[in-house]
Amino acid sequence: MREVFLSNHLQRQANRSFAICLASLAFALTLLAVGVAMASVLVIWASMVALAISGFIVTKYGPTHMTYRHGMQGERILRNWLRSSGLDDDHTAYYNLPLNGNGRASDIDCILVGPLGLFIFEVKHHHGLIFHRNGIWARIKIGQGGTFYRGQLGDPSGQLYRNIRRLKGLLGRTDGLWFNGAVVFTNPRTVLDIEGLRWVRAVAVKDLDHVLSKRTVLSVEQTNSINSRLASLVKK
């Protein structure tokens, strides 16, 4: 299997959130050091305010940094699974295709193209019970005391649907081409209880071969055409 890496979106976002936390803390501590050195009560009080603001910033951007780090871990797990899947060099995996929409930068985690078909994977590294019914996603986690509480999850299938639509637009004419979409959960501590999804699937990474087995065989001409169009997007 060939691999093409198109961007480092998650790494950039993780670095950005970490830099914001570090810069705010460094400013507050520098101000405190200056106040102590000058024996200035006013500057010391200003540094206390800066430290409080820094704490707020770290509280906001620290979890964001960890979210991106977890996303990177999930993508590494997917890459390792694909590398060990036995796919030959007639298949190409494109990672992190950049997208821009509604003023926000994002990406498609993985596009797999080859004789087995065209696959779009949205990677999630959440743990806990992942539940879907009637268009509603929920995530249930277990706390240290054994109590259950609801964790953040969002709408993975909605995100995947949007990415598929945008990819169709980027590829241009795709008459008769089926886009196989799957939300791939990579955390081994994930339990899935999924019903009612339409057009896409949600699977644990260990079961990804079931998605690949539901293939729509592509001809050499179709595969080459898709690869050519993706290559032209990369050059842009």
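Would a scan of the range 12-25 turn up a residue that is under 30 Å from residue 114 (Cβ atoms) and either charged (D, E, K, R) or touching a strand residue (DSSP E or B) at 6+ places or on another chain (Cβ under 8 Å) (or both)? Within the range 12-25, one or more residues are under 30 Å from residue 114 (Cβ atoms) and either charged (D, E, K, R) or touching a strand residue (DSSP E or B) at 6+ places or on another chain (Cβ under 8 Å) (or both). The residues in the range 142-167 that are modelled with pLDDT under 90, closer than 27 Å to residue 82 by Cβ and either among the charged types (D, E, K, R) or assigned to a helix (DSSP H, G or I) (or both) can be counted, and the count is 0. In the range 116-132, the residues that are part of a loop (DSSP other than H, G, I, E, B) reach residues that are surrounded by 23 or more Cβ atoms within 10 Å (Cβ to Cβ) with C-beta atoms within less than 7 angstrom, at least six apart or across chains, in these pairs: 125/186; 126/185.
Of the residues that sit in the range 1-38 and are part of a loop (DSSP other than H, G, I, E, B) and modelled with pLDDT under 90, which one is nearest to residue 58 (Cα to Cα)? Checking each candidate, the answer is 8.
Among the residues making up the range 170-188, those that are modelled with pLDDT of 95 or more and of a type in the set (A, V, I, L, M) are 182, 183, 184.
Can you say whether residue 78 is closer than 19 Å to residue 154 by Cβ, part of a helix (DSSP H, G or I) and at pLDDT 90 or above, as far as the supplied structure shows? Criteria met by residue 78. If you check 113, 191 for being part of a strand (DSSP E or B) and either surrounded by fewer than 16 Cβ atoms within 10 Å (Cβ to Cβ) or modelled with pLDDT under 90 (or both), only one passes: 191.
Here residue 215 qualifies as among the basic types (Lys, Arg), modelled with pLDDT under 90, on the phi < 0 side of the Ramachandran plot and surrounded by 14 or more Cβ atoms within 10 Å (Cβ to Cβ). Here residue 95 meets each of (1) part of a loop (DSSP other than H, G, I, E, B); (2) in contact with a Cys (Cβ under 6 Å, 6 or more places away or on another chain) with one exception, condition (1). Only one of the numbered conditions (1) over 30 Å from residue 2 (Cα atoms); (2) at pLDDT below 90; (3) of a type in the set (D, E, K, R) is not met by residue 107, and that is (1).
The values are calculated or read from the model by the stated rules, or taken from the named source; none is laboratory data. All of these numbers come straight from a predicted model, not from anything done at the bench. Cβ atoms come from the backbone with ideal geometry, glycine included; neighbour counts cover every protein chain shown.
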